[in-house]
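Notes follow the structure.
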Amino acid sequence: MIELFSHRRPDYFKAAPLGIHSLPGHFRKMEKELERKILDSTLENEEIETNPVEAGDILAADALFRALVVQRSRAYVKKSQEQHASTAHAIFPKREPPRVVDFNLKKTYGRLLTIIEQAFNKKNRSFRSQSITLSRTTKAQTLVSTP
């Protein structure tokens, strides 16, 4: 995803404060650090396995990761306020328990599912034989099948 805004320029983050002159080189360095940690731990228990905690530690220590990833969870905000000894405390709305909503798949999509099933049951499984169009009404989307 970094490529979306770096336009595949390896030196996109060369300016301060990051000073990363080669993105591929930066990621290779992170991979080698993770591999080193894995190899150190495999000598102890002979099993090669990527530990998510170790990978998380490497990412958390990475300046690029910290600059790009935005944390907005409640726990993060509360912890951040404690660390910075902030006098103001964020007020979050009270969470309501989830509500179960009745949903009937056949009632909602039954006609569409029937058309698809019929199309696949035919010898010629092409959708060309039956054109499907959706027309918008003021109350809901309805499926209209035209021969």
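Coordinate-derived values only; no laboratory data. Because the structure is a prediction, the values reported are computed rather than measured. Every residue, glycine as well, gets a Cβ built from its backbone with ideal geometry; the counts of neighbours run over all protein chains shown.
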Exposure proxy check on Thr50, Thr87: fewest-to-most Cβ neighbours within 10 Å is Thr87, Thr50
Using a/c under 1.5 as the rounded threshold, could you call the range 1-106 rounded, prolate or oblate? The axes a ≥ b ≥ c are square roots of the C-alpha gyration tensor eigenvalues, and prolate needs a/b larger than b/c, oblate otherwise.
prolate
